[in-house]
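Novice: Here it is, the structure in full.
The values are calculated or read from the model by the stated rules, or taken from the named source; none is laboratory data. Computed from a prediction, not measured in an experiment: that's the story for all the values here. So basically every Cβ, Gly included, is an ideal-geometry build from the backbone, and we count neighbours across all protein chains shown. Surface accessibility is based on the protein's heavy atoms, side chains included, excluding ligands, DNA and RNA. Shrake-Rupley method; radii C 1.70, N 1.55, O 1.52, S 1.80 Å.
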Amino acid sequence: MPRQILCTVAALALAASAGACSSSRFDTGGIGASARPAPRVARPLPPEEPDLGPGLSSGPVTSAPLAPPPGAAAAPPGPVVANPGGPIVAEASPPPVQQQAAIAPPPPPVVSSGGRSGVVGGWTAKDATGASCRVNLASTPALDLYKASSTGCANKDLAKVTAWDYRDGEVYLYQPGGTVAARLRPAGGAMDGALSKSGAPLAMVR
């Protein structure tokens, strides 16, 4: 064999040997890379709650009115009025209005016709002639009757009146000896009747 051919064959053999070594090194590296574990990926942590200190919680907060300090008086009842630019002022309730009772004039004396005590006192007697005089009916007993007296009476029957009585709703005027001088019936603040002897009308008013 010629020398030139031998040299060519030797060069090809060396080239084949070098390619095999290179292929074997590359294959070994690939196997090692696939068997190596995958790197860990860091996961984001949940947000931490703020530390509010001992005894404090981050839950819902509720509020309530504070009690007044010791020695301080509570706010008076009534609507609260906001004062712009100033403190809140409680509007006090208005004081009660005192009603003044109307003072009525005293009523005139009324003579009661239901009893003897209603006709006790002084009267002005007027007869049919228009003459008048005073007749006083006292509450002092005089035997079975009560004492009476007259002043300035022109009528003789009235001038002799010394006693009186109240029976069956009528007033009897008596002369000495038990003679009836006149009979009258009370009506409101007056008495109307007549003289017993003459039958002439007689009226008596306070």
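Novice: Can you name the residue in region 127-145 that is charged (D, E, K, R) and surrounded by 14 or more Cβ atoms within 10 Å (Cβ to Cβ) and, of all such residues, is nearest to SER117 (Cα to Cα)? Quick ask: steps written out before the conclusion?
Specialist: Filtering region 127-145 down to residues charged (D, E, K, R) leaves 127, 134, 144.
Those still in the list that are surrounded by 14 or more Cβ atoms within 10 Å (Cβ to Cβ) too: 127, 134.
Values: ASP127: 24, ARG134: 19 Å.
Here the answer is ARG134.
Novice: Still on this structure, please answer the following. Going through region 146-190 one residue at a time, which ones are open to solvent by less than 50 Å² (accessible area, probe 1.4 Å) and within 14 Å of ASP127 (Cβ to Cβ)?
Specialist: SER150, CYS153, ASN155, ASP157, LEU158, VAL161, LEU173, ALA181, ALA182, LEU184, listed by residue number.
Novice: Can I ask one more? Out of curiosity, is ALA128 in a strand (DSSP E or B) and either touching a residue at least 60 places away in the same chain (Cβ under 8 Å) or among the aliphatic types (A, V, I, L, M) (or both)?
Specialist: Values: in a strand (DSSP E or B): no; either touching a residue at least 60 places away in the same chain (Cβ under 8 Å) or among the aliphatic types (A, V, I, L, M) (or both): yes.
It is false that ALA128 is in a strand (DSSP E or B) and either touching a residue at least 60 places away in the same chain (Cβ under 8 Å) or among the aliphatic types (A, V, I, L, M) (or both).
Novice: Sticking with this structure for a sec: Taking the condition of being out of contact with any strand residue (DSSP E or B) (no Cβ under 6 Å at 6 or more places or on another chain) and of a type in the set (Val, Ile, Thr), how many residues in region 163-206 meet it?
Specialist: First, the residues of region 163-206 that are out of contact with any strand residue (DSSP E or B) (no Cβ under 6 Å at 6 or more places or on another chain): 166-169, 176-179, 186-189, 197-200, 206.
Now restrict to residues that are of a type in the set (Val, Ile, Thr): 179.
So the count comes out to 1.
Novice: Just to be sure before I move on: is ALA142 within 60 Å of the chain's Cα centre (by Cα) and modelled with pLDDT under 95 in the structure I sent? Spell out how you get there, then give the answer.
Specialist: Details: within 60 Å of the chain's Cα centre (by Cα): no; modelled with pLDDT under 95: yes.
The answer is no for ALA142.
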